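**Q** Handing you this structure, nothing more for now.
The values are calculated or read from the model by the stated rules, or taken from the named source; none is laboratory data. Keep in mind that this is a model prediction, so the values were computed, not measured. Here the Cβ positions follow ideal geometry from the backbone for every residue, glycine too, while neighbour counts run over all protein chains shown.
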Amino acid sequence: IEQSGDTGPLAGRRVVITAGPTREPIDPVRYISNHSSGKMGYALAEAARDAGADVVLVSGPVNLTAPAGVEVRTVETAEDMLRVSSSAVDEGCDVFIASAAVADYRPETCAGDKIKKTSQEMALPLVRNPDTLATIAARDNPPFTVGFAAETADVEKYALDKLQRKKLRMIVANDVSVPGLGFNSENNAVTVFWPEGRESFGPDSKRQIAGHLMALIRNHLEAAG
Ligand code: CTP
Ligand code: CA
């Protein structure tokens, strides 16, 4: 059920969501990226809007239309994502959800001209990107911060490790080794972990999963006061 902005369980709450991939330029015509579709993040933005929240969606390049009533701020690189997310959080944020698939590394430099093929082999030096989620969660008075963990093995172990290491309130884990679920697909199945518990949703459409996740986040937010 769509809410009209000043009603609904998240009325008056500000929610910032990251979504989609980032692109890290190699030269004027090439980049490093990944297969993230952005669908989970866009579905979460719709679910937050439907619950009455004011929603800012910090989006990497995707082929999706902005949900009505959601403010989309587009970004390209991981560094853009940190900068734009940080200012969105500065403007006021109760819940921060990082669903973006951020490139962990970027080329050390972006060549000014298109790189020519000269030798049989070539190496591209990469440097670490900043972590938007960990940076937001490490603030004084952080928002209720939720991360995602897309894993292909030892899902629970890595998800719990990220929950603790990044000081998150919740982490949404999905096993991306299952064909047809998660990355770049219509459906998803997730297990959400928080310090005292866990809950699983799906397999189901990303829209349904997003509704369950927003309801769970809302319950935890209310319990926290
Ligand atoms: N994330 C982020 N900025 C980054 C990397 C990750 O905001 N530079 C966020 C993602 O949006 C996700 C969470 O951190 O919510 C976990 O991302 P993931 O790639 O699973 O974890 P990493 O910490 O990058 O660890 P690794 O890729 O080595 O598993
Ligand atoms: Ca990563």
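**Q** Can you name the condition, by its number, that Ile136 falls short on among (1) part of a helix (DSSP H, G or I); (2) out of contact with any Cys (no Cβ under 9 Å at 6 or more places or on another chain)?
**A** Among (1) part of a helix (DSSP H, G or I); (2) out of contact with any Cys (no Cβ under 9 Å at 6 or more places or on another chain), the lone unmet condition for Ile136 is (2).
**Q** Shifting gears a bit: Among the residues of region 39-48, are any on the phi < 0 side of the Ramachandran plot, surrounded by fewer than 19 Cβ atoms within 10 Å (Cβ to Cβ) and of a type in the set (A, V, I, L, M)?
**A** No - not one qualifying residue is present in region 39-48.
**Q** Where residues in region 84-109 are more than 16 Å from ligand 2 (Cβ to nearest atom) and surrounded by fewer than 15 Cβ atoms within 10 Å (Cβ to Cβ), which of them is farthest from the chain's Cα centre (by Cα)?
**A** The selected residue is Thr109.
**Q** Of all residues in region 110-145, count the ones that are within 16 Å of ligand 2 (Cβ to nearest atom) and either within 30 Å of Val190 (Cα to Cα) or without any contact (Cβ under 8 Å) to a residue 12 or more places away in the chain (or both). Lay out the reasoning, then the answer.
**A** At the first step, the residues of region 110-145 found to be within 16 Å of ligand 2 (Cβ to nearest atom) are 126-137.
So of that shortlist, the ones also either within 30 Å of Val190 (Cα to Cα) or without any contact (Cβ under 8 Å) to a residue 12 or more places away in the chain (or both) come out as 128-137.
Residues meeting the conditions: 10.
**Q** Select from region 49-83 the residues that are under 14 Å from the mean Cα position of the chain (by Cα), of a type in the set (S, T, N, Q) and surrounded by fewer than 19 Cβ atoms within 10 Å (Cβ to Cβ) and list them in ascending order.
**A** Within region 49-83, just Thr74 meets the criteria.
**Q** Something else: I want to confirm something. Restricting to region 135-161 and keeping residues that are within 14 Å of the chain's Cα centre (by Cα) and farther than 23 Å from Gly92 by Cα, which single residue is modelled with the lowest pLDDT?
**A** Only one residue tops the list, namely Ala150.
**Q** Hey, among the residues in region 210-225 that are within 10 Å of Ala47 (Cβ to Cβ) and either modelled with pLDDT under 95 or touching a helix residue (DSSP H, G or I) at 6+ places or on another chain (Cβ under 6 Å) (or both), which one's surrounded by the fewest Cβ atoms within 10 Å (Cβ to Cβ)?
**A** That would be Gly211.
**Q** Please enumerate the residues belonging to region 95-110 that are more than 13 Å from ligand 1 (Cβ to nearest atom) and within 25 Å of His35 (Cβ to Cβ).
**A** Selection gives Pro107, Glu108, Cys110.
Okay, residues lined up against (1) in contact with a Lys or Arg (Cβ under 9 Å, 6 or more places away or on another chain); (2) within 11 Å of ligand 1 (Cβ to nearest atom); (3) part of a loop (DSSP other than H, G, I, E, B):
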| position | (1), (2), (3) |
| --- | --- |
| Leu57 | yes, no, no |
| Thr65 | no, no, yes |
| Gly69 | yes, no, yes |
| Glu76 | yes, no, yes |
| Asp80 | no, no, no |
| Ser85 | yes, yes, no |
| Val89 | yes, no, no |
| Cys93 | yes, no, yes |
| Gly112 | no, no, yes |
